1. Sort out for me the strands (runs of 3 or more DSSP E) sitting completely within segment 16-96 that have 1 or more residues that are among the basic types (Lys, Arg) and either without any contact (Cβ under 8 Å) to a residue 60 or more places away in the chain or touching a Cys at 6+ places or on another chain (Cβ under 7 Å) (or both).
2. Against the definition (closer than 17 Å to residue 26 by Cβ and basic (Lys, Arg)), how does residue 92 come out, yes or no?
3. How many residues, within segment 1-17, are out of contact with any strand residue (DSSP E or B) (no Cβ under 6 Å at 6 or more places or on another chain), at pLDDT below 95 and not hydroxyl-bearing (Ser, Thr, Tyr)?
Amino acid sequence: MREKKQSSAEVDLVVHFQGKVIPIEIKSGSTGSLKSLHQFIERSPHPYAVRIYAGKFNVENHTTPGGKPYLLMNLPYYLGTKIAEYLEYFVKNYTS
């Protein structure tokens with residue numbers, strides 16, 4: 001969580017995986033703002049992030065507003081219980 005006088009930001013979950021703390025955002029629709037996730041990634045030593053949402057599985061290349069490239073794995077809600085298996089696949093098969 002990040003707090004400032006006029007704003008606050010937080011990711012929904014974090015998962016410790018292979019020595020990395022992976023941020024996870026859970027969105028109610030198929031799209032949405034990722035401001036908190038971007039702030040987390042800006043301070044993170046790795047490029048991995050996850051969004052759980054009402055859409056299809058895919059992995060996207062993104063860039064934070066500050067210019068840092070990162071990888072976003074989009075998981076449909078029903079795969080949320082398989083997060084460990086999908087993180088294994090994600091980290092093993094994708095690099096920025």
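The values are calculated or read from the model by the stated rules, or taken from the named source; none is laboratory data. Here the structure is a predicted model, which is why all the values come from computation and not from measurement. Glycine gets a Cβ as well: all are built from the backbone with ideal geometry, and neighbour counts include every protein chain shown.
1. Strands (runs of 3 or more DSSP E) meeting the threshold: 48-53.
2. Considered against the rule, which asks whether it is closer than 17 Å to residue 26 by Cβ and basic (Lys, Arg), residue 92 comes out as no.
3. Looking only at that region, the number is 6.
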